[in-house]
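*Asks:* First, the structure itself, so that you have it in front of you.
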Amino acid sequence: MVKSTQGLAGLGGLVYSTESGRTCPRCRAAIADCVCAQPGIPEGDGIARVRRETKGRGGKTVTTVSGLCLAPDDLKRLAKELKARCGCGGGVKEGVIEIQGDKADFVCNWLIGQGYQTKRAGG
């Protein structure tokens, strides 16, 4: 008979600490000190998927671009140029470019003009 585990061990371990913030689930070190998941080129098929999202954002619309196989610095550079072209704010979170507002059509056309293969995802 297998004994069920209770508490944090049953959930897979500690994921947040008030001392160091978010922790890596594999090595249990702070995210800033984690060596098992060095930031690199995200995995994907190289097709930029552009979608419009509102979930979890208090009703605000955000255009997201995911699936690009670029290094983190190149992704930030592309996001900066996109924000300047759209005339709005945004940023890069976990390998996904977020642009404030409903700019999905403009972003798709601009990325195609820059030579990226794009697909419009979602509604």
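The values are calculated or read from the model by the stated rules, or taken from the named source; none is laboratory data. Computed from a prediction, not measured in an experiment: that's the story for all the values here. Every residue, glycine as well, gets a Cβ built from its backbone with ideal geometry; the counts of neighbours run over all protein chains shown.
*Asks:* Of the residues that sit in the stretch 23-67 and are of a type in the set (D, E, K, R) and at pLDDT below 75, which one is surrounded by the most Cβ atoms within 10 Å (Cβ to Cβ)?
*Replies:* The residue in question is R28.
*Asks:* Within the stretch 101-119, is even one residue modelled with pLDDT of 75 or more, in contact with a Phe, Trp or Tyr (Cβ under 8 Å, 6 or more places away or on another chain) and among the aliphatic types (A, V, I, L, M)?
*Replies:* Looking through the stretch 101-119, none of the residues is modelled with pLDDT of 75 or more, in contact with a Phe, Trp or Tyr (Cβ under 8 Å, 6 or more places away or on another chain) and among the aliphatic types (A, V, I, L, M).
*Asks:* N109 is checked against (1) more than 12 Å from the chain's Cα centre (by Cα); (2) part of a strand (DSSP E or B) and fails just one. What number does that condition carry?
*Replies:* Every listed condition holds for N109 apart from (2).
*Asks:* With the requirement that a residue be in contact with a Pro (Cβ under 8 Å, 6 or more places away or on another chain) and outside any helix (DSSP H, G or I), what does the stretch 71-95 give you?
*Replies:* V92, G95, listed by residue number.
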